[in-house]
Amino acid sequence: MIHLHLTTIVIAVILYVIALVFYMKDSPNNAGKMSHMILRADYIFLIFSGLLVYVQNMEGISASDGHMMYGIKVLLGIAAVGLMEMSLIRANKSTSAPKGMTIAAVALIVVTIGVGIYLPLGPLSAMF
Ligand code: HEM
């Protein structure tokens, strides 16, 4: 399930950048709208796979010392998705350069990836 999580993250980041670039070029923009719609479908798999990784490893997580970090990881992930969506809606409304919401979304994505790698499950954690 962690592999599905990683796949959906990669797809989400790519689609987010594409939608943002198209929305910034001109708005309303069909290419931007289309990538945004596919991104919204991807959010479902992203959140679902993350929750499933959490639930499937619940026993090990409860027994570990750092179980609070898993809760923080889940909240960060959901907040990152929320900020990505809000920043795209903002970008769709104005064609100007990315502002606070986009910077916050990118910062939260980076922090979420950092916490995900710091936590022990998954192939990325195994690499470090
Ligand atoms: C944009 C949003 C998200 C990003 C960028 C992200 C990123 C990551 C990354 C990089 C990993 C580590 C994978 C590995 O080590 O191979 C991970 C693991 C995980 N993610 Fe996410 N995630 C996001 C959203 C979510 C959501 C919404 C949830 C839950 C609802 C979630 C729950 C988890 C859990 C439980 C793990 C396993 C933690 C561990 O590595 O031990 N994530 N995530």
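Some points to look at:
- Members of segment 1-49 found to be away from the ligand (no atom under 13 Å from the Cβ), in contact (Cβ under 8 Å) with a residue 40 or more places away in the chain and hydroxyl-bearing (Ser, Thr, Tyr), listed by number: Tyr23, Ser27
- Residue list for segment 102-114, restricted to those being buried (at least 16 other Cβ atoms within 10 Å of the Cβ) and within 11 Å of the ligand (Cβ to nearest atom): Ala105, Val106, Leu108, Ile109, Thr112, Ile113
- If you check Ile109, Ile113 for being closer than 24 Å to Lys25 by Cβ, among the β-branched types (Val, Ile, Thr) and at pLDDT 95 or above, only one passes: Ile109.
- The set of residues from segment 65-100 being touching a residue at least 24 places away in the same chain (Cβ under 8 Å), over 15 Å from the mean Cα position of the chain (by Cα) and within 30 Å of Pro120 (Cβ to Cβ) comprises Gly66, Met69, Tyr70.
- Number of the exception - Ile14 against (1) in contact with a helix residue (DSSP H, G or I) (Cβ under 7 Å, 6 or more places away or on another chain); (2) surrounded by fewer than 17 Cβ atoms within 10 Å (Cβ to Cβ): (1)
The values are calculated or read from the model by the stated rules, or taken from the named source; none is laboratory data. Everything quoted here is computed from the prediction, not taken from an experiment. FYI the Cβ positions are ideal-geometry reconstructions off the backbone, even for glycines, and counts take in every protein chain you see.
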